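K.L.:
The structure's right below; bear with me while I get my questions together.
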């Protein structure tokens with residue numbers, strides 16, 4: 001761990017809290033939005049804990065995930081579409097609370113929070129299994145194919161986990177309309193996976209054989 005990495009991580013974490021808070025509570029017009037606070041808690045408390053653990057156990061991985069920036073034009077578009085989805089989804093959820101649009105029952109939102117936390121645990125497991133993970137599409141020096149654990153079930157377990165994470169977000173926020181917006185994520189991530197696999201086949205030894213061994217990309221028995 002370095003002082004520079006610590007302050008970089010802290011600054012990005014703080015900025016994330018502020019931006020998400022603004023996107024949710026400003027449209028809501030109030031801080032009395034229980035679902036908003038529930039979402040902020042289950043998003044940022046585990047994130048803070050995970051950041052501390054990574055800082056001491058694997059600072060290199062933390063550094064890679066903090067400084068990542070897509071170089072490929074096609075993937076840069078995918079990232080921008082994802083950002084737009086988040087902004088629209090959070091704003092619509094806040095507006096829904098302000099104007100009393102249809103809200104999901106509290107029990108459903110609590111169930112969404114449980115699903116979100118389960119996905120967070122799976123996310124940590126994927127990071128543990130594959131230390132080569134980066135937020136950008138690239139093949140790193142000495143990288144090898146991982147085919148154990150969740151990687152023996154689907155080829156892209158990180159995306160499978162984020163699918164559960166992101167689709168549970170609007171449920172936690174209690175917004176049906178926001179959920180409809182987040183349904184665009186499977187289409188966005190499918191485009192990213194297609195491009196990523198093309199790169200991995202060309203540059204990562206053994207990936208073609210791995211594709212033959214593990215048939216499904218994202219969801220077992222479906223795709």
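K.L.:
How about the stretch 24-39: which of its residues are within 25 Å of residue 52 (Cβ to Cβ) and buried (at least 17 other Cβ atoms within 10 Å of the Cβ)? Spell out how you get there, then give the answer.
P.N.:
Taking the stretch 24-39 and keeping what is within 25 Å of residue 52 (Cβ to Cβ), we get 24, 36-39.
Within the stretch 24-39, 24, 36, 38, 39 meet the criteria.
K.L.:
Continuing with the same structure: Specify which of the listed residues (167, 117) is modelled with pLDDT of 90 or more, crowded, with 18+ Cβ neighbours inside 10 Å and not in a loop (DSSP other than H, G, I, E, B). I'd like the intermediate steps shown before the answer.
P.N.:
On the way: 117 fails: crowded, with 18+ Cβ neighbours inside 10 Å.
Exactly one residue qualifies, and that residue is 167.
K.L.:
Report yes if residue 211 is out of contact with any strand residue (DSSP E or B) (no Cβ under 6 Å at 6 or more places or on another chain), over 30 Å from residue 102 (Cα atoms), in a helix (DSSP H, G or I) and without any contact (Cβ under 8 Å) to a residue 60 or more places away in the chain, otherwise no.
P.N.:
yes
K.L.:
Yes or no: residue 8 assigned to a helix (DSSP H, G or I), closer than 22 Å to residue 93 by Cβ and either in contact (Cβ under 8 Å) with a residue 12 or more places away in the chain or in contact with a helix residue (DSSP H, G or I) (Cβ under 7 Å, 6 or more places away or on another chain) (or both)? Before the answer, list the steps.
P.N.:
On the way: assigned to a helix (DSSP H, G or I): yes; closer than 22 Å to residue 93 by Cβ: no; either in contact (Cβ under 8 Å) with a residue 12 or more places away in the chain or in contact with a helix residue (DSSP H, G or I) (Cβ under 7 Å, 6 or more places away or on another chain) (or both): yes.
So residue 8 fails the test.
K.L.:
Right, next: Tell me which of these residue 45 doesn't satisfy, since it passes every other one: (1) in contact with a helix residue (DSSP H, G or I) (Cβ under 9 Å, 6 or more places away or on another chain); (2) assigned to a helix (DSSP H, G or I).
P.N.:
The number of the failed condition is (1).
K.L.:
Further, regarding this structure: Would you say residue 77 is touching a strand residue (DSSP E or B) at 6+ places or on another chain (Cβ under 8 Å) and either crowded, with 19+ Cβ neighbours inside 10 Å or modelled with pLDDT under 90 (or both)?
P.N.:
Values: touching a strand residue (DSSP E or B) at 6+ places or on another chain (Cβ under 8 Å): no; either crowded, with 19+ Cβ neighbours inside 10 Å or modelled with pLDDT under 90 (or both): yes.
The answer is no for residue 77.
K.L.:
Give me the residue from the stretch 175-190 that is part of a helix (DSSP H, G or I) and touching a helix residue (DSSP H, G or I) at 6+ places or on another chain (Cβ under 6 Å) and, out of that set, surrounded by the most Cβ atoms within 10 Å (Cβ to Cβ).
P.N.:
It comes out as 178.
K.L.:
Is there a residue in the stretch 88-105 that is more than 25 Å from residue 19 (Cα to Cα), surrounded by 15 or more Cβ atoms within 10 Å (Cβ to Cβ), out of contact with any strand residue (DSSP E or B) (no Cβ under 7 Å at 6 or more places or on another chain) and at pLDDT 85 or above?
P.N.:
No: the stretch 88-105 contains no residue that is more than 25 Å from residue 19 (Cα to Cα), surrounded by 15 or more Cβ atoms within 10 Å (Cβ to Cβ), out of contact with any strand residue (DSSP E or B) (no Cβ under 7 Å at 6 or more places or on another chain) and at pLDDT 85 or above.
The values are calculated or read from the model by the stated rules, or taken from the named source; none is laboratory data. A quick note: this is a predicted structure, and the numbers were derived from the prediction, not measured. With ideal geometry, Cβ positions are generated from the backbone for all residues, glycine too; neighbour counts draw on all protein chains shown.
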